[in-house]
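The values are calculated or read from the model by the stated rules, or taken from the named source; none is laboratory data. This one's a predicted model, so the numbers in the text were calculated from it and none came from an experiment. Positions of Cβ are generated from backbone atoms using ideal geometry, with glycine treated the same way; all protein chains shown enter the neighbour counts. Just the protein is used for accessible areas: all its heavy atoms, side chains included, with ligands, DNA and RNA removed. Shrake-Rupley method; radii C 1.70, N 1.55, O 1.52, S 1.80 Å.
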Amino acid sequence: PVGQAGPAGEYLNPELSRDGKRVAFERRSNGNRDIWVLDLARAATVRLTSNASDEYGPIGSPDGTKIAYGTNRDGASSIYQKSSNGAGDEELLLKSSTSVLPQSWSLDGGAIVFRNLLARNEVWYLPLSQPRTPVPFLQSRDLQFIQAQLSPDGRWLAYASVESGRYDVYVQSFPKPSGKWQVSTEGGDWARWSRDGHEIYFLSPGEKM
């Protein structure tokens, strides 16, 4: 560890920007979860959302100008995006009849990978060009897929699955799921790619990186 990122507080699901200058995260306030952004150089925070609902799962656009997040407002589950500096209005990207969680944003900015929280055995992606029709990527009756992360070149998706009887990290080709490789050998989850895409970091069952 090289230091503390910001003041002590409750930080949920932190997501580091690609340039390493900001962290988006969830924080509870008045019983709800909201999205905040922490500027690492100034140790200053900006609150992005303040609705009477939960906002969760923030992910940043490749250029750092937008934050996408899930929400459970209006009796449905949706994915919105908003400027990362807090200015302007939010934009609806997807309204779903099930509970959805953003997972990863492609490097070209053209798609967001998300997970169906009610059916943990489904991973989809949302093309951001109109008509923004979601596309299924991983679906199974028996397996659970969590923590899906796109590689920097957008050709591979890393995720954790229980097909070995425990959570292990796998990599599969994207956007067409053909070739698949198991990365961890003794269990693992929370996979993250190195910036050049040559390595994958993950946590073992003993909480070692």
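Brief remarks on what is shown
- Region 53-79 residues that are over 15 Å from residue 103 (Cα atoms), paired with ones that are among the charged types (D, E, K, R) and open to solvent by less than 10 Å² (accessible area, probe 1.4 Å) (beta carbon under 9 Å, 6 or more apart): 54/26; 54/34; 72/55; 73/55
- The residue that is modelled with the highest pLDDT, among those in region 79-97 that are open to solvent by less than 30 Å² (accessible area, probe 1.4 Å) and farther than 22 Å from residue 14 by Cβ, is 94.
- Residues in region 133-154 that are loosely packed, with under 14 Cβ neighbours inside 10 Å and of a type outside the set (A, V, I, L, M) were compared, and the one that is nearest to residue 207 (Cα to Cα) is 142.
- Near pairs, Cβ below 8 angstrom, 6+ apart or cross-chain, from region 8-21 (over 18 Å from residue 104 (Cβ atoms) and free of Cβ contacts under 8 Å to residues at least 60 places away in the same chain) to any residue that is open to solvent by 80 Å² or more (accessible area, probe 1.4 Å) and part of a loop (DSSP other than H, G, I, E, B): 21/41
- Just so you know, in region 29-56 the residues that are open to solvent by 30 Å² or more (accessible area, probe 1.4 Å) and closer than 26 Å to residue 107 by Cβ include one that is farthest from the chain's Cα centre (by Cα), and it is 41.
- Candidate set from region 57-81 (those that are of a type outside the set (Gly, Ala, Ser) and not in a strand (DSSP E or B)); member that is farthest from the chain's Cα centre (by Cα): 74
- Number of positions in region 82-106 that are in a strand (DSSP E or B) and on the phi > 0 side of the Ramachandran plot: 0
- Of residues in region 155-191 being more than 14 Å from the chain's Cα centre (by Cα) and among the aliphatic types (A, V, I, L, M), the one nearest to residue 202 (Cα to Cα): 169
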